[in-house]
Amino acid sequence: MNDRWLISIGTSHPWNVAGVGLDARVAAHYDLPHAAAIAAISAQDAGGVRALEAVSNAMLQAQLDALPGPAGAYRIGALPGVQSVRTVARYLRRAAGGVPIVVDPVLRASLGGALHRDADLPDALIAEFSACGAIFTPNVEEAAQLCGLDVRDQAAMERAGRILIERGAHAALITGGHLQGDPVDVLVTRSGVERFGGPRLPGSMRGAGCTLAAALTCRLALGADLRNAAADAHAFVRERIAAAIVRGGLQVAF
């Protein structure tokens, strides 16, 4: 049994179909112990975000200081503002010690509603977490906001990944499920580009981006290299979509 923790830092979802609650489910699938720090509490349902409340910076810091170790990898999800981004990045610079960091730059819920209230958040995410050597996992809409591009095809996905690397990111895995046609995820590193694709599966699973980021983080925590971890995470998301689990009227991962 692996004794290294998957550490999640992000926002809660009442149904645990996204956010840190979903991370716990994915970590259990990979037989990893899981711990979390909550930066914000969301009220979400099948209609989208009903309310969002950030925890105080003092409480966030106290949770970070209470996290167990050793960490196998860190998964950073939705953060509600620049202050929380800076607090988490400062903690990671002190505590991570070269452990993989995966940042899923969630800006909106897939069913509607913002998960932050700070216009400067995209720039802060790149500046702060690139300095930590993070791997970013945006979807095409998030990549467009982060990089100031119109991301509508694989070429633009690759350009967005290269911009993130130029700004200091260790790598970028851009997910293409929101585009038309068969979905392709594009992994951009300093050494090249890898693509992971397959025929589009029926259904539209909520929390797909969170599922991919969590699976990627788990595989890295278990010692996989980035290319294999990305391929495995892509396959895992397809497996969960194919399972066609419906709860509360939504197709979900678990």
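Laboratory data are not the source of any read-out in this text; all were calculated from the coordinates shown. This one's a predicted model, so the numbers in the text were calculated from it and none came from an experiment. Positions of Cβ are backbone-derived with ideal geometry, glycine not excepted, and every protein chain shown enters the neighbour counts.
Arrange 163, 9, 126 by Cβ neighbour counts within 10 Å, fewest through most, would you?
Ranking 163, 9, 126 by Cβ neighbours within 10 Å, fewest first, gives 163, 126, 9.
Between beta-carbons, use under 14 Å as the cut-off and find the net charge around residue 191, counting Lys and Arg +1, Asp and Glu -1.
Around residue 191, the surrounding residues sum to 0.
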Summed side-chain charge close to residue 44 - residues other than residue 44 whose Cβ falls under 14 Å, Lys, Arg +1, Asp, Glu -1:
+2
For the stretch 165-254, which trypsin sites (Lys or Arg not before Pro) are in a loop by DSSP, counting at most 16 other Cβ atoms within 10 Å?
167, 190, 200
Tell me what the chain gives for mean residue ellipticity at 222 nm when only DSSP H runs of n ≥ 4 count, each as -39,500 (n - 2.57), the sum divided by the residue total, rounded to 500 deg cm²/dmol.
-12000 deg cm²/dmol
Let me know the shape class of the stretch 5-252, please: from the alpha-carbon gyration tensor, a ≥ b ≥ c as square roots of the eigenvalues, rounded when a/c is under 1.5, otherwise prolate if a/b is greater than b/c, or oblate.
rounded
Which residue fluctuates most in the GNM of the chain (Cα springs below 10 Å): 193, 26, 151?
193
